[in-house]
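The values are calculated or read from the model by the stated rules, or taken from the named source; none is laboratory data. Everything quoted here is computed from the prediction, not taken from an experiment. In this analysis, Cβ positions are derived from the backbone assuming ideal geometry, glycine residues included, and neighbour counts consider all displayed protein chains. Surface areas here come from the heavy atoms of the whole protein model, side chains and all, with no ligands, DNA or RNA. Shrake-Rupley method; radii C 1.70, N 1.55, O 1.52, S 1.80 Å.
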Amino acid sequence: MQMRAAVLEKFGEPLVVQELELTEPKQGEALVRLVACGVCHTDLYTASGVDPSGYAPTVLGHEGAGVVEAVGPGVESLAVGDHVVTLFSPQCGECVHCRDERTNLCLAIREQQGKGYLPDGTTRLHREGEPMRHFMGTSTFAECTVMPEIALAKVSPEAPLDRACLFACGLSTGLGAAINTAKVREGSTCVVFGAGMVGLGAVAGCRLQGAERIICVDLSDDRLELARGQGATEVMVADEGIVERIIEETDGFGADYTFEATGNVAVMRQAVEAARMAWGLATVAGVAGKGETLDVIPRLLITGRRIAGSSFGGVKGREGVPQLVDRYLAGEIDVDPFISHRITLDEVNRGFELMEAQDGIRSVIEFN
């Protein structure tokens, strides 16, 4: 079939919307017609060329939601007409990681996915007969995509797909960092560094876990106001003395839980330093630049602080995303404030521009 998609032709250059060929789903795959897709920082990170694992040409996009239009042989959990959220972090349910509650890092298709291929080592994307690699196993800056069944989460048809798409990456990452990775305890004190999509999700996750104090730190007053709407009890404008301020405001100890959601290694260090001695946990959810390292004083760890990394918030996608969407439908998660701009596929580069200008939280591509 013919469909339109936004192609990354060369790093550092605008995406080009063009006609591509999409072949039918094969064994264990499904064809999804996209309804909405968020423009995430990870897409911009790859497009810029700084991602060491990036490649071009490819169709970017991974924060998608849509409707199943066709299924390949062997697909049992999905049917035509199902509403789904795309998953860059799949869940096969069978590998050693899927069977272990401690991680969500499925191993089933990891190697081929990282190379830009579907599980059988081939692609469903073609241009003038030549194969084009997929991005993150999703490639959702397109009218349609073909993905493995294990990388699609079936969600309630009652959930508007322009909201549900945000659970495909940023929102679930933040929520899960608090709920799954840190397992925030009721009555605790939390500090979230960064009030973008992931940070705001972490604020909401801390609220859902029953945290007593939730302090959000950011440079933007507008974003800090959004943090209050997600449950922050206090906000602070970031500066060089932010760690000392946090320690002072927590009786000289630091916070029980801290969360980093900026991708800045200096902020990651602040999150560690602001964690409470004896049991403080600093959860890192941001993605640092190529070659960057985290500099931590060992004594901070010897005196009880811990550091945890969180990929996709520890969410096992096919099980966890539908549960989070249901909590949104129940009124526990307010998604609407995250959508700051609605754009078309042809305006995808504007979505990048808005992100670089820190204009709003998330631009969502709406497909006709």
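Regarding segment 110-118, can at least one residue be identified that is within 15 Å of Pro322 (Cβ to Cβ), touching a residue at least 60 places away in the same chain (Cβ under 8 Å) and part of a helix (DSSP H, G or I)? Full working, then the answer.
As a first pass, look at segment 110-118 and keep what is within 15 Å of Pro322 (Cβ to Cβ): none.
Scanning segment 110-118 turns up no residue that is within 15 Å of Pro322 (Cβ to Cβ), touching a residue at least 60 places away in the same chain (Cβ under 8 Å) and part of a helix (DSSP H, G or I).
Test of understanding: among Arg223, Arg228, Arg245, which residue is part of a helix (DSSP H, G or I) and crowded, with 18+ Cβ neighbours inside 10 Å? If you could, list the steps in order and put the result at the bottom.
Details: Arg228 fails: crowded, with 18+ Cβ neighbours inside 10 Å; Arg245 fails: crowded, with 18+ Cβ neighbours inside 10 Å.
Just a single option satisfies the conditions, and that option is Arg223.
Could you check how many residues of segment 67-81 are buried (at least 16 other Cβ atoms within 10 Å of the Cβ) and at positive phi?
So the answer is 0.
Kindly indicate which of Ala153, Ala159, Ala164 is at pLDDT 95 or above, in a loop (DSSP other than H, G, I, E, B) and open to solvent by less than 20 Å² (accessible area, probe 1.4 Å). I'd like the intermediate steps shown before the answer.
On the way: Ala153 fails: in a loop (DSSP other than H, G, I, E, B); Ala164 fails: in a loop (DSSP other than H, G, I, E, B).
After applying the criteria, what remains is Ala159.
Has segment 14-25 got at least one residue that is open to solvent by 50 Å² or more (accessible area, probe 1.4 Å), out of contact with any Gly (no Cβ under 8 Å at 6 or more places or on another chain) and closer than 20 Å to Glu353 by Cα?
Yes, there is a match, as at least one residue in segment 14-25 is open to solvent by 50 Å² or more (accessible area, probe 1.4 Å), out of contact with any Gly (no Cβ under 8 Å at 6 or more places or on another chain) and closer than 20 Å to Glu353 by Cα.
For the condition in contact with a helix residue (DSSP H, G or I) (Cβ under 6 Å, 6 or more places away or on another chain) and polar (S, T, N, Q), what is the one hit in Thr250, Thr262, Thr233, Thr283? Spell out the reasoning first.
Working: Thr250 fails: in contact with a helix residue (DSSP H, G or I) (Cβ under 6 Å, 6 or more places away or on another chain); Thr262 fails: in contact with a helix residue (DSSP H, G or I) (Cβ under 6 Å, 6 or more places away or on another chain); Thr233 fails: in contact with a helix residue (DSSP H, G or I) (Cβ under 6 Å, 6 or more places away or on another chain).
Answer to the selection: Thr283.
Check off (1) β-branched (Val, Ile, Thr); (2) surrounded by fewer than 22 Cβ atoms within 10 Å (Cβ to Cβ); (3) more than 24 Å from Ala285 (Cβ to Cβ) for Thr145 and give me the number that stays unchecked.
(2)
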